[in-house]
Amino acid sequence: MLELMLELQDDERTQTFLTQVKSAQEQVASKPSKPKAMEPLTPAAYRGPVPVPPQRATKTANSSGDHLTRTCTAPASNLNNAAGNHNACEYGFGEGLKNPVKVEEKKNQQNRIVASREPPPVPTLPPRKASFPPSNPLPPPPIPKDSAAAFQGRGTALIPNTKPDSFRQTDYTDRPTSWCDSPSTNSMRQAMLSSEAGQREYLIKHRLGKKEKEYVDIQPFSFFIGTWNVNGQSPDSSLEPWLCCDPDPPDIYAVGFQELDLSTEAFFYLDSSKEQVWVEAVERSLNRKGDYKRIRVIRLVGMMLVVFVKKKHKKHIKELAAEHVGTGIMGKMGNKGGVAIRFVFHNTSFCIVNCHLAAHVEDFERRNQDYRDICARMTFHLLDYPPLSIVKHDVVIWLGDLNYRLFLYDTAEVKHLIAENALKKLQEYDQLNIQRQTKRAFVDFIEGDINFVPTYKYDTKTDRWDSSGKCRIPAWCDRILWRGSNVQQLKYRSHMEMKTSDHKPVSSLFKIGVKVVDEQRQKRVFEDIVRAMDRMENDCLPSVSLSRIDFTFKDVKFRQLQKERFLIKNDGQVPCHFAFIPKPNDPNYCKPWLRAEPSDGFLEPSETLEIYLEVYTTSSPSLGTTCPAASAPHWRLCAASGSRSERSPTSSTWERTAVQKRKSRW
């Protein structure tokens, strides 16, 4: 036989519960112990809710007449039958309420735990003579650790979690198990030091950036930028007429594709077999005079961007990242949108964006919106940096099938102007030029002079304009724009010999001035900044003084608040933050029965603040009471990083009260 000791309150609810337990036991004894297979529950026996054990009152077990102790016995052979209804098992009954089951060990532990007595109310603390709002009343004594663990095991949020380590005003409604509210834990101590070191490092970097001109030289590098809408086709010829059309090899290639793959798999599953085919075709067609290394490729459905650099420049590429934004169906799908790669080359940041905007002549406003969506939603996330948007780069190059058409709807007239080489006249009707002039899209971007015929739309494999039933009006859909300083466009052209698609590829050759760091000059500037900061910090070290540092609490009584006051004054030249901090390897800045209020705050120069030291002793599960030692360890007050800390000893004498004496007898 297994005996389960349950401590229950002597009230009507308990009596009802015990009656139902006995009824269940009698029902088990009157029927065979082995239930039928898959026997359903019989709700008729219990029409009301499943009996719930009464909640324990927060009184001690030795209070007269408040509790009854009863013994419930059950055959041990039946305790293994615990496959019943979930709700019944929750309260210790088997399937169909026929077989008692073993109550979980955790709940047995909880039944044997006796909650502590509610303390008498403590008067509220007096308001402080400072800018801090008055504190809340003192909290009740903490729940013992073993009780707290049991309650947390039940999933009951009786013990609130401590707040994150931060300097904040004390909030007793969210107090940890220790009575003394100590935001200055070891973890906060480390965070404080690391945060201050990080701020200093950030300030040095900021000032170093301000003096950048003193240690960088602008050196030119060549960039080849190419874009092509391939209309879902595979490469059927060499790409050298497009990618290798200059005698000198560029330092960096950035090549973008649109409509790389029009298959269902690419749209729904983001998988494309053509990605590798086109990447390999590009690699084979790079200028043979240069030795190139691919640094990144990114694809979203049919949009792909790949970047190559000369191997000798690879070590100067850092902070590389790639992102994509879909603006297609429902404003999210990847049939339209943009992909981008960003990096830092030497000391200049670059962002290269490849996009495919909304189609159709009349949808120029939708194209404007696609552009705005890409700018707003495209962010790069790097370690130790805040999110970076497209415009937060020194140089931005934007390429792709922008899909802007002409505000001319007569195909014959457009073809006539092209035949007469009146391209400047035709560009007056170009939608992109008009949107830029009216500042509706691509504001601050620059585009070079267009001296080539429209790149859309041709019959595939030919140089003939679209001869299909739709008879598309020719337009400059494929464009390359840029923004930034020290950027010079050397060439801007189309490549009519490429006939794979209904678009013609476009390329641009740039000479871009890149900031190259002179390490010796940078080191000298860095040292000057550090020395200047050291001088400033030495002149502006925070400093505080205390009106007293020795404190004695006489005749401390159980559950009776005692307090001593002192003044803290900022006698330095700068505002300072003060906080009580723990000694190394100590979790709190003082013992559980001692607290400083407020324990942290800010002081302006010459400002004085009143601080109270408060002693309050409470019950303890192991000792019955928490008694302050005759000579307590020092506590420390830290004024700010880099300043001295004050050590103050506290001492006390302990007087046994009638309440404590009675407690000792229990």
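The values are calculated or read from the model by the stated rules, or taken from the named source; none is laboratory data. All values derive from a computational prediction rather than experimental measurement. Here the Cβ positions follow ideal geometry from the backbone for every residue, glycine too, while neighbour counts run over all protein chains shown.
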I need the full set of residues from the range 532-568 which are touching a residue at least 60 places away in the same chain (Cβ under 8 Å) and among the aromatic types (F, W, Y), in order please.
F551, F553, F558
Please count how many residues of the range 385-410 are among the hydrophobic types (A, V, I, L, M, F, W, C) and in a loop (DSSP other than H, G, I, E, B).
5
Scanning the range 226-248 for residues that are closer than 22 Å to I397 by Cα, charged (D, E, K, R) and touching a residue at least 60 places away in the same chain (Cβ under 8 Å) gives D246
If you take the residues in the range 598-637 that are assigned to a strand (DSSP E or B) and at pLDDT below 75, which one is nearest to H577 (Cα to Cα)?
L637
Exactly one condition in (1) buried (at least 20 other Cβ atoms within 10 Å of the Cβ); (2) of a type in the set (F, W, Y); (3) over 30 Å from K318 (Cα atoms) is not met by F442; state its number.
(3)
Taking the criterion of being small (G, A, S), in the same structural domain as R436 (by the TED database), in contact (Cβ under 8 Å) with a residue 60 or more places away in the chain and within 26 Å of F268 (Cα to Cα), would at least one residue in the range 373-394 satisfy it?
no
Log entry, pairs with first residue in the range 444-457 being over 26 Å from H393 (Cα atoms), second being of a type in the set (D, E, K, R), beta carbons closer than 6 Å, six or more apart or on different chains, reads F452/R493; T455/D478; T455/K504; K457/D466; K457/R472; K457/D502
Based on this model, can you work out whether D271 counts as touching a helix residue (DSSP H, G or I) at 6+ places or on another chain (Cβ under 7 Å), without any contact (Cβ under 8 Å) to a residue 60 or more places away in the chain and over 18 Å from K461 (Cα atoms)?
yes
Could you please find all residues in the range 536-581 being of a type in the set (S, T, N, Q) and part of a strand (DSSP E or B)?
S545, T552, Q562, N570
Can you find, within the range 312-339, the residue that is farthest from the chain's Cα centre (by Cα) among those that are farther than 18 Å from V516 by Cβ and either basic (K, R) or not assigned by the TED database to the domain that holds L286 (or both)?
K336
Would you mind stating whether W228 is surrounded by 19 or more Cβ atoms within 10 Å (Cβ to Cβ), at pLDDT 95 or above, in contact with a Pro (Cβ under 6 Å, 6 or more places away or on another chain) and part of a strand (DSSP E or B)?
yes
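Residues checked against (1) touching a Leu at 6+ places or on another chain (Cβ under 6 Å); (2) assigned to a helix (DSSP H, G or I); (3) surrounded by fewer than 22 Cβ atoms within 10 Å (Cβ to Cβ):
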| site | (1), (2), (3) |
| --- | --- |
| S234 | no, no, yes |
| P250 | no, no, no |
| A266 | no, yes, no |
| V277 | no, yes, yes |
| R284 | no, yes, yes |
All but one of (1) in contact (Cβ under 8 Å) with a residue 12 or more places away in the chain; (2) over 30 Å from N347 (Cα atoms); (3) touching a Lys or Arg at 6+ places or on another chain (Cβ under 9 Å) hold for F407, so report the exception by its number.
(3)
Examine the range 292-306 for a residue that is over 23 Å from P241 (Cα atoms), touching a residue at least 60 places away in the same chain (Cβ under 8 Å), in the same structural domain as P235 (by the TED database) and part of a strand (DSSP E or B), and state whether such a residue exists.
no
Being of a type outside the set (S, T, N, Q) and under 29 Å from M536 (Cβ atoms) narrows it down to one residue among F553, F602; which is it?
F602
Which condition from (1) under 19 Å from F551 (Cα atoms); (2) modelled with pLDDT of 85 or more; (3) crowded, with 19+ Cβ neighbours inside 10 Å is the one that K569 breaks?
(3)
Kindly check whether there is at least one residue in the range 455-468 that is under 25 Å from R366 (Cα atoms) and surrounded by fewer than 18 Cβ atoms within 10 Å (Cβ to Cβ).
yes
Taking the residues in the range 303-353 that are surrounded by fewer than 17 Cβ atoms within 10 Å (Cβ to Cβ) and within 30 Å of Y404 (Cα to Cα) as candidates, determine which candidate is modelled with the highest pLDDT.
I329
